[in-house]
Amino acid sequence: MPETIGFLKPRQAVLDRRGEIIADLADLLPDGCLISDERGLKPFETDAFLAYRRLPLAVVLPETTEQVAAVLKYCSRYGIPVVPRGAGTSLSGGAIPQEDAIVVGLSKMSRILDVDLFNRTATVQAGVTNLNISEAVGADGFFYAPDPSSQLACTIGGNIGMNSGGAHCLKYGVTTNNLLGVKMVLFDGTVIDLGGKALDAPGYDLLGLVCGSEGQLGIVTEATVRLIAKPEGARPVLFGFSASEAAGSCVADIIGSGVIPVAIEFMDKPAIEICEAFAHAGYPLDVEALLIVEVEGSEAEMEAMLQGIIEIARRHGVVTIKESQSALEAALIWKGRKSAFGATGRVADYICMDGTVPLSQLSHVLRRTGEIVASYGLRVANVFHAGDGNMHPLILYNINDPADAARAEAAGNDILKLCVDAGGCLTGEHGVGIEKRDLMRHQYNKADLDQQMAVRAAFDPQWLLNPSKVFPLEGRPQA
């Protein structure tokens, strides 16, 4: 893809000192925790936003908070940019480095430090994968609620940076609703603790500020998260509709009725066909749109909730209703949904967008999304968290055709503007990164942006933490 998103110009003074910087970092870290050769750096030049890439100056893989603090103190002293990195699953370019930057990867910090079932909390290092927490406490009847589609690989540190969600965030909330505390290293090397095991903490809600800050305020090295008791039972049901607009209206009416399922996921026909070909989940292929609605509780509770949902679906012309009849069927239904992004990659290159809209606007935005993509001569597959209006249109294109790639990026920008104009926002869980950075002015006026940048500068006056991300490059305060 031709690069239409700019990066800050690398600092020549830093590039000129590369050999000295690498030698100094080697003195700060144990053996095996520093990568500086070109071949070793290659895997870190991009993340899941594959259209852009930069080879970093070096990569450090610390094992402790103290080592992270030592690296940041050194980089602060010599004015060296730092890019935090979890598993590199960011779809907005949040972990793409630049040539004068040190990547601080947290993959070696992967220990579960404490499980407190009495207080229903777990304290983990930032490199622990999302799914690993649920696996560690599953035998005791608990789980960690946020479940991004990449939960097998994505890490808690990255989840905190992007305030990640997942299919079950409709009932249980996104990362910020399940995060109780963090240990974080500021850019000058200072280590601070925010929150803890208590349900609330005195003073300003700095924890809320950190969650979703995309690694620009500090590097989170540990997190205390909320554990939730597993429900008595759970049942996903497939609802097929003859039109996407009907499915979108059904979602709005389900939520408007006061019924809150644990999840409501949407797929349009292209997404249904892609996911069914991969997972063989039993999705109906004769419908234009599919909702996966999951309820949980006792058998009586699930039955009562489903009857209300089915009645609403019938008012919107539902043509197929299929309840899972076994744990295997339920697992297959979710396998298809959680494999959607990977399965689409078997069919075509794609850009995955991430805008959020009010549920009342869901049908309108779905219709306009199709019209926008078609106007660029491209195809789109829609699969997203319908219950909270977090849309993920997958714009299909040929990455080896520069003109096609440019059209895909332009279509994506138009869709995100549409989400904002419909009363929503640029991102639900993927973050801003570089992808949406230049659209921030469409979401916010100058006063709003200036205030946000002032808060960011209070934590990092030199603007060296993840520096090319989130805010437009023009108009930033001088470091």
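If the condition is being in contact with a strand residue (DSSP E or B) (Cβ under 9 Å, 6 or more places away or on another chain) and touching a residue at least 60 places away in the same chain (Cβ under 8 Å), then region 437-455 contributes no residue at all. Anything in region 195-227 that is outside any helix (DSSP H, G or I), at pLDDT 95 or above, open to solvent by less than 30 Å² (accessible area, probe 1.4 Å) and under 21 Å from ASN119 (Cα atoms)? List them, or say none. Residues satisfying the conditions are ALA223, THR224, VAL225, LEU227. Entry remark, region 107-126: residues being assigned to a strand (DSSP E or B), open to solvent by 30 Å² or more (accessible area, probe 1.4 Å) and under 25 Å from GLY88 (Cα atoms) number 2 in total. When region 1-55 is filtered for residues that are polar (S, T, N, Q) and at pLDDT 95 or above, the ones remaining, listed by number, are GLN12, SER36, THR46. The criterion of at least 1 residues that are closer than 28 Å to ILE399 by Cα is met, among helices (runs of 4 or more DSSP H) falling completely within region 271-379, by 327-338, 340-345, 362-375. LYS436 meets the conditions (1) within 21 Å of ILE96 (Cβ to Cβ); (2) open to solvent by 60 Å² or more (accessible area, probe 1.4 Å); (3) basic (Lys, Arg) in every case but one. The failed one is (2). For region 3-25, the criterion of being more than 18 Å from LYS108 (Cα to Cα), open to solvent by less than 40 Å² (accessible area, probe 1.4 Å) and of a type in the set (Gly, Ala, Ser) is met by at least one residue.
With respect to the conditions (1) at pLDDT 95 or above; (2) closer than 29 Å to ALA271 by Cα; (3) surrounded by fewer than 23 Cβ atoms within 10 Å (Cβ to Cβ), ALA234 lacks only one, and its number is (1). Enumerate the pairs (first residue in region 28-39 and open to solvent by 70 Å² or more (accessible area, probe 1.4 Å); second residue anywhere and part of a loop (DSSP other than H, G, I, E, B)) with beta-carbon separation below 8 Å, excluding pairs fewer than 6 apart on the same chain, so at least 6 apart or on different chains. Hits for this filter: GLU38/LEU55. Scanning region 450-470 for residues that are farther than 19 Å from GLY79 by Cβ, open to solvent by less than 60 Å² (accessible area, probe 1.4 Å) and in contact with a helix residue (DSSP H, G or I) (Cβ under 9 Å, 6 or more places away or on another chain) gives VAL455, VAL470. Annotation: of all residues in region 178-194 being in contact with a Lys or Arg (Cβ under 8 Å, 6 or more places away or on another chain) and outside any strand (DSSP E or B), the one that is farthest from ALA126 (Cα to Cα) is ASP188. Check region 380-389 and report whether any residue there is more than 20 Å from GLU245 (Cα to Cα) and open to solvent by less than 40 Å² (accessible area, probe 1.4 Å). Within region 380-389 (the criterion being more than 20 Å from GLU245 (Cα to Cα) and open to solvent by less than 40 Å² (accessible area, probe 1.4 Å)), the answer is no, since none of the residues qualifies.
Could you grab me the full set of residues in region 292-317 that are on the phi < 0 side of the Ramachandran plot, open to solvent by less than 30 Å² (accessible area, probe 1.4 Å) and in contact with a Gly (Cβ under 8 Å, 6 or more places away or on another chain)? Correct list: GLU296, SER298, MET302. Picking from residues in region 127-146 that are without any contact (Cβ under 8 Å) to a residue 60 or more places away in the chain and assigned to a loop (DSSP other than H, G, I, E, B), the one that is surrounded by the most Cβ atoms within 10 Å (Cβ to Cβ) is PRO146. Out of all the residues in region 412-421, is one or more modelled with pLDDT of 95 or more, open to solvent by 30 Å² or more (accessible area, probe 1.4 Å) and touching a Phe, Trp or Tyr at 6+ places or on another chain (Cβ under 9 Å)? The answer is yes; a qualifying residue exists. Hey, any hits in region 247-255 for a residue that's under 21 Å from ALA300 (Cβ atoms), more than 23 Å from the chain's Cα centre (by Cα) and either assigned to a helix (DSSP H, G or I) or touching a residue at least 60 places away in the same chain (Cβ under 8 Å) (or both)? Taking every residue of region 247-255 in turn, at least one turns out to be under 21 Å from ALA300 (Cβ atoms), more than 23 Å from the chain's Cα centre (by Cα) and either assigned to a helix (DSSP H, G or I) or touching a residue at least 60 places away in the same chain (Cβ under 8 Å) (or both). Within region 244-255, the set of residues being under 11 Å from MET267 (Cα atoms) and open to solvent by 10 Å² or more (accessible area, probe 1.4 Å) comprises SER244 only.
The values are calculated or read from the model by the stated rules, or taken from the named source; none is laboratory data. Being a predicted model, the structure only gives us computed values, none of them experimental. Positions of Cβ are generated from backbone atoms using ideal geometry, with glycine treated the same way; all protein chains shown enter the neighbour counts. Quick note on the areas: whole protein, heavy atoms, side chains included, nothing else; ligands and nucleic acids left out. Shrake-Rupley method; radii C 1.70, N 1.55, O 1.52, S 1.80 Å.
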